[in-house]
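K.L.:
Here it is, the structure in full.
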Amino acid sequence: MRNFEHLQATSIAGAVAALTRFGGKARLNAGGTDLFGLLKDQYLPGFPDSIINIKGIQGLDAIGEERGTVTVGALAKLSELSRSHLLAERFPALVQAAGAVASPQIRNVATVGGNLCQDVRCAYYRYPSHVGGAIGCARKGNGPCLAVRGDNRYHAVLGGRKCYAVCPSDTAVALAALDASLVVAGPEGERRIGVAEFYTPLGNRLERGEMVVRIEIPTSSLPHQRFAKFALRRPIDFAIVSVAVAASVTDGVCTEARIALGAVAPGPVRAGEAESFLRGKRLTPEHATRAAELALSGAKPLSRNGYKVAIAKTLVKRALLGEAAGGAGEYADVGLDR
Amino acid sequence: MAKEYRYIGKKVPRRDAVDIVTGAVNYLDDLRMAKLLYGKVLRSPHPHALIKNIDKSRAEKLEGVKAVLTWEDVPDWRGGTPGMTRILDRKVRFVGDAVALVAATTEEIALAALRLIDVEYEVLPAVLDIEEAIKPGAPLVYDEFEGNIVPPEFPLFGPGCLTGVSMGDVAQGFDEADVVVEGTCGYQNLPNAIPPEPPGVIALWEEPQRVTIWASTQAPAVDRMILAGVIGWEVDLKVLGHPVGGSFGTKIVVWQLESFACALSKASGMPVKMVLSKEEHLATFVLRPESRMNAKVGMKRDGTVTAVSGTWLVGTGNHSTTTQAQIAVGCGEIQLMTRCRNWDLKSAIVCTNRNASGSVRGFGGQELKCAFVPILCLAMEKLGIDPLDFIKKNFIKPGDGYFWRDGSWYQYRGIDYSPAMDQGAERFGWRDKWRGWLRPSSVNGPLRRGVGVGVHGNADIGEDVSEAYLRLTTDGTATLFSCVTEHGTGQRSNYLKMIAEVLGLPLEKISISPSDSTITPFDFGPVGSRGTYAIGSAAIAAAEDARRKLLELAAPLLDAGVEDLDTEDGMIFVKADPDRCLPWIAVGHDRTILGYGRFEPDFTLANCMTTFVEVEVDTETGKVTLLEVVNATDAGKIIDPPGLEGQLNGCLGAAGIDSALFEETIVDRGTGRILNANLLDYKWRTFAELPVIKNVVLESAISSHRFRAVGVGEVSTAAGPTAILMAVSNAIGVWLVEYPVTPERVLAALNRVAGGPQGGAA
C-alpha cells in the first residue's frame, strides 16, 4: 500500500467539503471492505491522495420510520440491516439481501452505503497492478472492454454498453424491487435518485463531491417478498444472478408485483413487462414461468454467459412461487447475524 | 507384536499444536534479522515478449534501494528440466514472468522502485493452448524445443524413466475385447492447492560463495539439491527448513524465488527476504500440469481390460522442474488401477506461455486418471459394468506387477484392498444407490441425485531415500536429526511416537532437530505418501541402531548378552530378571550414542483410496451440491488417528474433489492473464459448506516397517474428481468430460443454454 493523507470527517458537510477539495482524488472509507482491495491491488490509474474516514459521522447509521417512509442511514452495517426488526417486518427481501452478502465478519464491518457504491467485480477491471500491471478498459476510460471477446461468464446479459461488468450489490436488488431512493449529499445540497436509476454502464450517478447519505424506502403493503441469490458458494461470494420479488396477493390473485434482477446488468433491472403481466393473475407455475420468460426477454448474452439467463429465469419463477432458490442460492446464511 | 503400544495408534497431542494455535510458531515471514532487505519482482504484462530495452537508473537512485537486477545483470543461472530457464531472461514467457528484481530496506521502497523501472517490449505472438502449441508454425516458447515439445527425460529416475506404458500387443488386445471405445478428456482447469502460507525465502550470500537459505519448503534436502543445480554445486549451500504453513506438494519447486533472493543478496551483500503476495502466489507460482488424453480402451464383458492405447498430452506451462517425473509416476499409477496386459500409452510434454508447472499432490497420477477414467467409463457403460466391480477387479492384487517410474518391473507384495472397497461401499450404500450408468439414484422435481466412485493408489509410499540420526544422551533423552519439515500433517510428531516405542521412552523425553541441512542427513522429504513408510523406516532404523549400541555398552555391566536386554523409561534391564537393571547413565555420563538409519527405495507396496460421492444437481440452475463423501482405505496400523482423520477429511480442497466441482484457475485466452488470482474469485470451499464425510479405515498388517503402516495422505484427494464427474453424469443422464462441472457446463449439457458457444474445455 502507498502513502495517503487520512482525514477524519465528523459531519456530512465536512466529508463533502473534503471530497470536493481533493477533486476526485479522495476516497470515502466507511467499512473499508471494498476500498482496501483497491488500495492493495491498485487496479485504477493513480492512487488516492486522501482517504476520508466517515465512520465518525454521528447518526448516519440510523434505521427509522417516519410518515410512510423507512430510512436507513448509509453507515448502517449490513448485519444491523439483517438484524433489524423494523426492516424484517416491512421489507423481508432487504433483510434477506443484507444477510446474503459476504460473511458474518464482513457484514459486521461493511455498510449498506458501501454495499451500494462498491466497485464492480470484473476480473479484467480488477486485475492487480503488481502482476504485470493493471488492465486498461472502457470503464477506466483507457481501452476496450476485454470481456466482450474474452471470459465473460460473469458479465452482463442485459443493458451492457461499453462496459459489461455487473452491479455486484445484493442490497441494491432488493431496494430496486422496493422502489427505494438514495439520498445523495453534495456541494449543492441533497438530491434523490431511484436505486434502479443509480447505476450506469460505466459507474453510477454520483457527481464529484457527492456521497450517499441514506436510503428511503416507501412503506407499501407488498407482503410477499423474497430475495434469491445464486452463487457458486454460499458464504463470501458474489451473485451470478440474484432476484428480488415484492408482491401483494389477494385471494390468490396478484394485485401488484415488482421484480428486480441482479448481477445481470450494470444495475438492478426491474422487469416491467413481467410485472404488468402478473397483475390480476394467479401465481401459478405457468404464470410464474411466463413472467420469468418475459423478465429475460431482452437478454442478449455474450459468448459464455447464456447460462445466466437460464438461472435468472429459474430464480424469478421460484421467487414468485415462494420456492427455495436451490443450490447455494437461497439467500445465503441469513440468520447467522441474529 | 503382542505388547500394547504406548503411543502408536493413540491420540497424542501434536508436538507443535499449542504453538500453532497460539501463534507462537515462527513461519518464514516471522523471521527477522539485522540488515534484512526486502525483495520484490517486476513482472511481465505480456505472455510472450522480448525485452528491447530496460532502464533501471531511476529505480537505483531511490533512497533505500540496495540492488536492482535485470537479465543483463544476473549470473547465468538456469533451472527447470532440462535446465533451460534463466532466472531472468531477455525473453519473458508468461504474464507475471520476472523482468527485474529489487532489494530495498522496506517493502514499500522496493515496490516504489519497481514503478521506476522503464521497460520496452517487443511483443511476440503467444500460445496458451497445448493443442495449438504443437501445431506447425505455432510460436516457440523456447527456440530449442521444436514444436514446443519438451524432452521427456528425468535424470533422477535414470535412463529407463517411464514416459508411457508399453507392453504386450494392443492389436491383439483390441481383438479380444467385447467393446472398444475411444474418447478424449481433459483435466485442464489448473486447480491450485493454495497452501495458506505463500512461498517465501530469506537468502544470505556471503563471499566467497557461501549461501544460507531460510526457506518455506516441504523438503529442504531436495530443495538444496535443486537450488545447487541452479546456482552451482561449487557454492557452499545450506538450507534451513522451517515450519511450513501448508504445502500440498507445491513447496518442493521453489528454486526460482530462492534464486532471486540469492542474486539480490549477492548483489547487495545483505540478507534478502522475498515472500509472494497472495495474488503473486496464485498468478505466478507453479501450477498443476494440464492433462489431456485421447485414448482407446478395449474391455471384456467381465470387466477385463484387454488393451489401452492413446496419447497423453501434458501441458507444462513455460517450464517445469518436475513434469517428467510426474509423467513417470502417473504412468506407474495407471497400471495400479488398470490390470491390463496390452498397453501402448505415449506421453508428450508441451510448453506454453502460461505459469510454470510444478509438483502438486496427486503428482501425475491424479492428472492422468482424471483424463483417463472418464474414457474407461464409456466402456463400462457399454457393457453395463458397475464401476465398483470394475475397481475391485482391476486394482492391483498381490503377485501382480507393474513398470514403475525408473522403467523397472516390480512385483506387488502388498495386500488386496477389496475388503476396504467393500466396507466403504456398504457404509455409502452403493448397492442401493447405484442404478446403472447415466441413471440418477433419485429424482425430486428438478433435483436429481447421482453417485460415483473413484480409486487411486500409489507405490510412492516407499519411494526415494530417507536417512536419520538418532542421538541418545545417557540422561535418558533422545533427539531425532531429520531433514523433514512440518508442513501440516503432524508427521514430525509421529516419528517421535515411533521412536518412543522403539526406545521405550516417554514421548516427552524425545525431541527433534530443526530441518537444517548442515546437521541432518539426507531425506527426500514428506512427499507423496512416503512419510509413514519411507521416512518412518529411517527414524525407526536409527532408533534401533542407537538402542543396540546402548545395549552393547550395557551388556558387560549387567553381565548379560545384548539379546537378553531391554530398555524401558531410561532403564536397561535383563528381560528374564528385570531387577538386574541399570539406568542409561551407567554407560557413562560423558557419552553420546548415535544411531543411523537409512531407508532404500521400495516400489513393491502401494496404498489405495476408494472414494464414493453422492451429488445433487439442480437441473434448472446447473448447481451441483456435494452431499456425501465416503473414503475407504486400509492404512495398516494407524499411527495417529486424528492426523489420519485430518488427512482423509482433507479430500475436498487443495485441488482434490473440489477440482471437479468449482476449483479452477481461469487463464484469459486473449491476454494470457490469470483472472481469478485471489481467494474470492478462485472458488474455495469454506467450512460453511462441508458435506458429510465418512471415513472407513481398515488396519491390515501391511509388510512395511515394524509398525506395519503405510501413508495415505496424498491419495485422499486423488480418487474423488473422477467420482464427481461420474456422479454428475449419472444424475443428469449426459456424459460430462471436462472439469469442473460448473453450472455453465451442466446447463449446456442439458441444452438449457440459449445463444453462444458454451462449456467445452477451459
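K.L.:
Using the charge dipole of the protein assembly as shown (Lys, Arg: +1 at Cβ; Asp, Glu: -1 at Cβ; taken about the Cα centre), state which of B:TYR187, B:PHE522, B:SER511 has its Cα farthest towards the positive end.
P.N.:
Of the options given, the answer is B:TYR187.
K.L.:
Ok, one more. From the backbone phi of the range B:430-441, what are the Karplus-calculated ³J(HN,Hα) couplings (6.51 cos²θ - 1.76 cosθ + 1.60, θ = phi - 60°) in whole Hz, Gly and Pro given as x?
P.N.:
Each residue's phi maps through the Karplus curve to give 4, 5, 7, 8, 6, 10, x, 5, 6, 10, x, 7 Hz.
K.L.:
Cross-link candidates for B:LYS56: which lysines have Cα within less than 30 Å, leaving aside residues fewer than 8 places away along the same chain?
P.N.:
A:LYS25, A:LYS40, A:LYS140, B:LYS35, B:LYS40, B:LYS66, B:LYS91, B:LYS266, B:LYS273, B:LYS278
K.L.:
Could I ask something else about it? Across the range A:293-299, in residue order, what do the Karplus-derived ³J(HN,Hα) couplings come to in whole Hz, using 6.51 cos²θ - 1.76 cosθ + 1.60 with θ = phi - 60° and x for Gly and Pro?
P.N.:
Using θ = phi - 60°, the values come out as 4, 5, 4, 9, 5, x, 5 Hz.
K.L.:
Just in the range A:188-243: which trypsin sites (Lys or Arg not before Pro) are loop by DSSP and have at most 15 other Cβ atoms within 10 Å?
P.N.:
Hits after loop and neighbour filter: A:ARG205, A:ARG208.
K.L.:
Hey, another quick one. Going by the alpha-carbon gyration tensor, a ≥ b ≥ c the square roots of its eigenvalues, is the range B:464-599 rounded (a/c under 1.5) or, if a/c is not under 1.5, prolate (a/b greater than b/c) versus oblate?
P.N.:
Here the range B:464-599 falls in the prolate category.
K.L.:
Suppose every K and R has +1 on its Cβ and every D and E has -1 on its Cβ; what is the size of the dipole of chain B about the Cα centre, in Debye to the nearest 20?
P.N.:
860 debye
K.L.:
Where the centre of each part is set by its Cα atoms, how far does the range A:12-28 sit from the range B:687-758, in angstrom?
P.N.:
52 Å
K.L.:
Now, a different point. When Lys and Arg each count +1 and Asp and Glu each count -1, what net charge do the other residues less than 10 Å away from A:ALA110, Cβ to Cβ, add up to?
P.N.:
Cβ neighbours under 10 Å give a net charge of +1.
K.L.:
Express the relative contact order of chain A as a whole percentage, based on alpha carbon pairs under 8 Å and six or more residues apart in sequence.
P.N.:
Relative CO of chain A lands at 18 percent.
K.L.:
Among A:ALA102, A:VAL157, A:PRO144, whose Cα projects farthest towards the positive end of the dipole of the range A:100-175, with charges put on the beta-carbon of Lys, Arg (+1) and Asp, Glu (-1)?
P.N.:
A:PRO144
K.L.:
Please report the relative contact order for chain B, taking Cα pairs under 8 Å with a sequence separation of at least 6, and give it as a percent rounded to a whole number.
P.N.:
15 percent
K.L.:
Another question, if that's okay. Ranked from highest to lowest mean number of other Cβ atoms within 10 Å per residue, what is the order of the peptides A:106-116, B:150-160, B:515-525?
P.N.:
Order by mean packing, descending: A:106-116, B:515-525, B:150-160.
K.L.:
If you don't mind, another one. Let me make sure I get this right: for the range A:198-316, a, b and c are the square roots of the gyration tensor eigenvalues over alpha carbons, sorted descending. Under 1.5 in a/c it's rounded, otherwise prolate if a/b > b/c, else oblate. Which is it?
P.N.:
Taking the square roots of the gyration eigenvalues as a ≥ b ≥ c, the range A:198-316 is oblate.
K.L.:
Something else: At most 12 other Cβ atoms within 10 Å and a DSSP loop assignment: could you name the trypsin sites (Lys or Arg not before Pro) in the range B:224-320 that fit?
P.N.:
Passing both the DSSP loop test and the Cβ count: B:ARG301.
K.L.:
Which of the chymotrypsin sites (Phe, Trp or Tyr not before Pro) across the range B:339-386 are loop residues per DSSP, with 11 or fewer other Cβ within 10 Å?
P.N.:
Sites meeting the loop and neighbour criteria: none at all.
K.L.:
About its Cα centre, how strong a charge dipole does the protein assembly as shown have in debye, to the nearest 20, once Lys and Arg get +1 and Asp and Glu get -1 at the Cβ?
P.N.:
Dipole magnitude for the protein assembly as shown comes out near 2940 debye.
K.L.:
Now for a separate question. Counting every Cα pair in the range B:82-176, what percent are over 21 Å apart?
P.N.:
60 percent
K.L.:
Okay, moving on. Taking each pair of different alpha-carbon atoms in chain A once, compute 1/r for the pair, average those values, and report the inverse of that mean as the Kirkwood hydrodynamic radius in Å to one decimal.
P.N.:
After inverting the mean inverse Cα-Cα distance, the result is 20.2 Å.
K.L.:
Let me ask something else about it. Which of rounded, prolate, oblate describes chain B, given a ≥ b ≥ c as roots of the alpha-carbon gyration tensor eigenvalues and a/c under 1.5 marking rounded, otherwise prolate only if a/b is larger than b/c?
P.N.:
Taking the square roots of the gyration eigenvalues as a ≥ b ≥ c, chain B is oblate.
K.L.:
Sticking with this one: Per DSSP H run of n ≥ 4, the term is -39500 (n - 2.57); total these for chain B, divide by its residue number, and report the mean residue ellipticity at 222 nm rounded to 500 deg cm²/dmol.
P.N.:
-7500 deg cm²/dmol
K.L.:
Using +1 at the Cβ of each Lys and Arg and -1 at the Cβ of each Asp and Glu in chain B, identify which of B:TRP343, B:ALA67, B:THR619 lies farthest towards the dipole's positive end.
P.N.:
B:THR619
K.L.:
Taking the Cα centroid of the range A:114-161 and of the range A:46-67, what is the distance between the two, rounded to the nearest whole Å?
P.N.:
27 Å
K.L.:
Need one number: nm distance between label points at B:THR106 and A:ARG191, each 7 Å from Cα along Cα→Cβ, rounded to one decimal.
P.N.:
Rounded to a tenth, the inter-label distance reads 4.2 nm.
K.L.:
From the phi of every residue in the range A:123-136, what ³J(HN,Hα) in whole Hz does the Karplus formula 6.51 cos²θ - 1.76 cosθ + 1.60 yield, where θ is phi - 60° and glycine or proline is x?
P.N.:
Each residue's phi maps through the Karplus curve to give 5, 5, 4, 8, 4, x, 5, 8, 10, x, x, 5, 9, x Hz.
K.L.:
Roughly how big is the range A:98-206's charge dipole about its Cα centre, with Cβ charges of +1 (Lys, Arg) and -1 (Asp, Glu), in debye to the nearest 20?
P.N.:
Charge dipole of the range A:98-206: 380 debye, to the nearest 20.
Every number in this text was worked out from the coordinates using simple rules, so none of it is lab data. These figures come from a predicted structure and were not determined experimentally. As a convention, Cβ positions derive from the backbone with ideal geometry for all residues, glycine included, and neighbour counts pool all protein chains shown.
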